[in-house]
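Rule-based calculations on the coordinates, nothing more; no lab input. Everything quoted here is computed from the prediction, not taken from an experiment. FYI the Cβ positions are ideal-geometry reconstructions off the backbone, even for glycines, and counts take in every protein chain you see.
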Amino acid sequence: MIDELLDGSARAIAQAVKTGAASAVEVTRAALRRIEARNGALGAFTDVTADRALAAAKAIDAARERGDELGPLAGAPFAVKNLFDLAGLPTRAGSKINRERALAAKDAFLVSRLEAAGAVLVGALNMGEYAYDFTGQNAHDGPSRNPHDLDHMSGGSSGGSGSAVAGGLAPIALGSDTNGSIRVPSSFCGVFGLKPTYGRLSRGGTFPFVASLDHLGPFARSVGDLALAYDTMQGRDEADPAQADVAPAPVSLSLDQGIAGLRIAKLGGYFSCSAEPTAFAAVDTVAKALQAERVVELKEAQRARAGAYLITMVEGAALHLRRLQTRAADFDPDVRDRLIAGAMLPGPWITQAQKFRRMFREQALALFEDVDILLAPATPCRAPRIGQKTIMLDGKEMLARPNIGVFTQPISFIGLPVVAAPLWTEGERLPIGVQIIAPPRREDFALRVAWAVEREGVARAPVAKLEASIR
Amino acid sequence: MNREEFDPEALIDAVVPLLGLTLTADSRAQTALHLKIAAGQAELLLSATIDDEAEPAPVFRP
């Protein structure tokens, strides 16, 4: 029964704990056993917080014994990308250098919010160094692997988050997304991911990458869990100066409105070129299920991607310049040399990119006067093999690393909320994701559409069928 | 921009001392490659028509 719970939703676990059908300690012990059994093959976790998890679970069971009301995520395991501060651990952010930092004195804001709702932290997750990655590979900790095919990438940079959720190690994980780092692992690992509006969730207590573009958000195997995690984490935190001063807007209770009243269109132009046919087929499948026949264009997306690319290089370089000066040999070379190049770019390019960002935002807002949801591929292909350097797009061999985020970068450039929904093709082991994109601060629209697509059975996020030896 | 004439090696030579960096041969070659890629992205971006009055995207709120 516990195994079935761990394969199910966080909400089902909380319900079982609340009714006494399972104790939080039983669930936590089972989750920790799973992590121990599977993590060697998956490489999803870099730290397992077993003692902390068991203490939290015992406190939840004690609260139930006393008759206290339990939170909506009572007893549900969760884990976070290792750029989130966890009290007592160094915030390594995928790097070798950061693990020499002082231990974090307190937890990141979002970790505290989930724990306040009863969720049980079980550990920290592998990621690409300093979040500058789309592959899920890490030069220091090894790759996080795709649970649906261990020879393939999990996607990055929140690779451990995708791997942990798809591998059944936790029903909810947190990640960050600067250019696609939630949506890419969601697509490759076949789980739901939410990148909220820029400024919606606090980044307090996390190691940054690109202040202009950094977002945090959840991964889950169901839209209901994704929405509940998002609702739980909303709230004002003075520690994040970019957080918008807006009231929490819970979405869970609106999911069953589905697509009623929503105008949905596919993105054409830039978003209908330079990908494998399976990426467009996935979008078509979702559009068909939603009876969305319109195709609209978000003009200048290619320039938007260029702007995101350059801002990322320069802000990343500024963040890491001192470490590049003193610890260059301790970086992952693939990350280091992009950062060094970023330090050398002319200043006017970045001001131009930030000006263009505002113009592109205005174009998107104009488009949203006529449509509520835009559909686009999440990635141009299914997960490549680990170590694979190139992918074939439109018959041309292209570098994999810079091109995996070709469809996610223009969207996060202007901070739009997106749900990545995973689709499966019969006969294929690996999934591919579709971006469900909404206007700013309308996470409810994106989640309602994702919920409708999940309910129709078009998108789904099953736990991977792992070989018996690593179950 | 004249990207054809852009010499990333010359840029690296000029700014490495200014930035206080030391590059290995491997790192230098990869940095040059990334500079070329960035120049391509910048060429596209800089060809956009942007008004003098255009404000950068808002983030800072006093």
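Reported to the nearest whole Å, the Cα centre-to-centre distance from segment A:282-351 to segment A:140-201 is 18. For the pair A:Arg358 and A:Arg385, a Förster radius of 35 Å applied to the C-beta separation gives a FRET efficiency near 0.30, rounded to the nearest 0.05.
Identify the GluC sites (Glu not before Pro) of segment A:367-471 meeting these criteria: DSSP loop state and at most 16 other C-beta atoms within 10 Å of the C-beta.
Details: sites: A:Glu369, A:Glu397, A:Glu426, A:Glu428, A:Glu443, A:Glu454, A:Glu456, A:Glu467; in loops: A:Glu369, A:Glu426, A:Glu428, A:Glu456, A:Glu467.
Answer in residue order: A:Glu369, A:Glu426, A:Glu428, A:Glu456, A:Glu467.
Straight-distance candidates among the lysines for linking to A:Lys18, with alpha-carbon spacing under 23 Å and chain neighbours fewer than 8 residues away dropped: A:Lys58. Partner shielding of A:322-335 amounts to 2, given as the average count of beta-carbon atoms from other chains within 10 Å of each residue beta-carbon.
Among the listed pairs A:Lys81/A:Lys465; A:Lys96/A:Lys355; A:Lys266/A:Lys465; A:Lys195/A:Lys299; A:Lys81/B:Lys36; A:Lys299/A:Lys355, a Cα-Cα separation exceeding 26 Å is found for A:Lys96/A:Lys355; A:Lys266/A:Lys465; A:Lys81/B:Lys36.
Averaging 1/r over every pair of different alpha carbons in segment A:1-85 and inverting the result gives a Kirkwood radius of 13.3 Å. Take each residue of peptide B:29-38, count the partner chain Cβ atoms within 10 Å of its Cβ, and average: the result is 6.
Could you calculate the FRET efficiency of B:Thr49 with B:Leu19 from 1/(1 + (r/R0)^6), where r is the beta carbon distance between them and R0 is 35 Å, rounded to 0.05? Mind dumping the intermediate values first?
On the way: r = 32 Å, r/R0 = 0.92.
Once the sixth-power term is evaluated, E becomes 0.60.
Work out how much length A:Lys396 to A:Ala318 would gain on full extension: take 0.36 nm times their residue separation and subtract the Cα-Cα distance, in nm to one decimal. Show your work: numbers first, answer last.
Working: separation 78, 0.36 × 78 = 28.08 nm, distance 3.39 nm.
Length gained between A:Lys396 and A:Ala318: 24.7 nm.
Computed from Cα positions, the angle between helix B:25-46 and the longest principal axis of chain B comes to roughly 20 degrees.
Gap in Å between the Cα centre of segment A:423-442 and the Cα centre of segment A:205-223? Centre-to-centre distance over Cα atoms comes out at 18 Å. Estimated from helical segments only, the mean residue ellipticity of chain A at 222 nm is -12000 deg cm²/dmol, where each DSSP H run of four or more residues counts as -39500 (n - 2.57).
Multiplying the residue separation of A:Gln325 and A:Ala116 by 0.36 nm and removing their Cα-Cα distance gives an extension gain of 71.1 nm. Can you give me the Cα centroid spacing of segment B:39-56 and segment A:359-409 in angstrom? Distance between centres, Cα-based: 21 Å.
Ranking request for peptides A:217-230, A:156-169, A:352-365: highest mean number of other beta-carbon atoms within 10 Å first, then the rest in descending order.
Working: A:217-230: 27.9, A:156-169: 34.1, A:352-365: 19.9.
The densest-packed peptide leads the list: A:156-169, A:217-230, A:352-365.
Across segment A:56-157, the volume of the C-alpha convex hull divided among the residues equals 113 Å³ per residue. Projected onto their three principal axes, the Cα atoms of segment A:425-471 cover extents of 45, 22, 17 Å, largest first.
For segment A:95-173, applying the loop criterion from DSSP together with a ceiling of 16 other beta carbons within 10 Å to the trypsin sites (Lys or Arg not before Pro) yields A:Arg101, A:Lys106.
I'd like the mean, over residues of A:76-84, of how many other protein chain beta carbons sit within 10 Å of each residue's own Cβ.
Numbers: counts 0, 0, 0, 0, 0, 0, 0, 0, 0.
Counting Cβ atoms of other protein chains within 10 Å of each residue's Cβ and averaging gives 0.
Radius of gyration (Cα atoms) of chain A, expressed as a multiple of 2.2 N^0.38 Å: 0.90.
Kindly provide the GluC sites (Glu not before Pro) of segment A:203-307 that DSSP labels as loop, not H, G, I, E or B, and whose Cβ sees at most 11 other Cβ atoms within 10 Å. All intermediate terms of the calculation are to be shown ahead of the outcome.
Values: sites: A:Glu238, A:Glu293, A:Glu297, A:Glu300; in loops: A:Glu238, A:Glu293, A:Glu297, A:Glu300.
Here the GluC sites (Glu not before Pro) that fit, given the DSSP loop and packing criteria, are A:Glu238, A:Glu293.
Going by the alpha-carbon gyration tensor, a ≥ b ≥ c the square roots of its eigenvalues, is chain B rounded (a/c under 1.5) or, if a/c is not under 1.5, prolate (a/b greater than b/c) versus oblate? Taking the square roots of the gyration eigenvalues as a ≥ b ≥ c, chain B is oblate.
Backbone N atoms of segment A:239-268 closer than 18 Å to the 7 Å Cα→Cβ label point of A:Glu293 belong to residues A:261-268. Annotation: amide H of A:Leu121 within the under-5 Å range of A:Phe78, sequence separation 5 or more or interchain, hydrogens built in the peptide plane.
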